[in-house]
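Chemist: After the C-alpha cells below, expect a handful of questions from me.
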Amino acid sequence: MIRSHQVMDLFLEACPSYRKRLERYIEDNYEPEDKRLPYIELADFAKHVFDLYSQERTEEFEAIFETVETLQTEGDQETKELAIVGFLEDLQNVILSSGSVQLEDFVPFLGPVSRSSWRQLIDYWDGKKV
C-alpha cells in the first residue's frame, strides 16, 4: 500500500522535469525544521503539469497520470485524497483560471479511475449530488 509520504517521490520519478522547481519551492517556502505541506506542494506540481501542457511538452504525461491512477488504486485513504484533492482538483483550478484550456483537454491523459474522480470533482463544484 502506498503511503502519503511517498507521493511526491513517485511524482518526481514520473516527472523528473519537476525536480529543480520543487527544490526551489522548498528552499523558498520552508525553513529546515519545517514540516512539509504535501497539499501545497501538489498545487505547485499541478501548475508545473499545466505549464508543460501549455508548452506542448507532454512526454512525461503518461507516467504522471499512471502515477495518479496508481495512487488512487494502491494508496491508503490519505494518499487517495492527495491524488484527488491535492493534484486533480488543483489541476482543474489551474485550468479553469487559465481561460485558455478546457477541463476536457486533459481527459485523454486520465486513466479510468482518475477520469471518474475528475468527473466527480466537476459535478461537486457544479452543485450536483456526488
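None of the figures in this text is laboratory data; all of them are computed from the coordinates on show. Owing to the predicted nature of the structure, the values given are computational and were not obtained by experimental measurement. Virtual Cβ from ideal backbone geometry, glycine too; neighbours counted across all protein chains shown.
Chemist: Rank the residues Arg119, Arg3 as a footprinting-exposure proxy: fewest other Cβ atoms within 10 Å of their Cβ go first.
Modeler: Arg3, Arg119
Chemist: Right, here's the next one. In vacuo Debye scattering of region 4-125, one point per C-alpha: log10 I(q)/I(0) at q = 0.17 Å⁻¹?
Modeler: Reported log10 I(q)/I(0), two decimals: -0.83.
Chemist: In nm, what is the difference between 0.36 nm times the number of residues separating Tyr124 and Asp76 and their Cα-Cα distance?
Modeler: The Tyr124-Asp76 span can extend by a further 15.0 nm.
Chemist: Another question, then. GNM, the chain, Cα, under 10 Å: largest mean-square fluctuation among Gln92, Gln72, Gln120?
Modeler: Ranking Gln92, Gln72, Gln120 by mean-square fluctuation puts Gln120 first.
Chemist: Quick one: longest stretch of the chain between exposed loop GluC sites (Glu not before Pro), exposed meaning at most 13 other C-beta atoms within 10 Å and loop per DSSP?
Modeler: Counting at most 13 other Cβ atoms within 10 Å as exposed, the longest clean stretch of the chain is 60-130.
Chemist: Sticking with this one: Return a whole-number percent for the relative contact order of region 4-125, with Cα pairs under 8 Å and 6 or more residues apart as the contact set. Intermediate values should be presented prior to the final figure.
Modeler: Working: 94 pairs, mean separation 37.9, N = 122.
Dividing the mean separation by the residue count of region 4-125 yields 31 percent.
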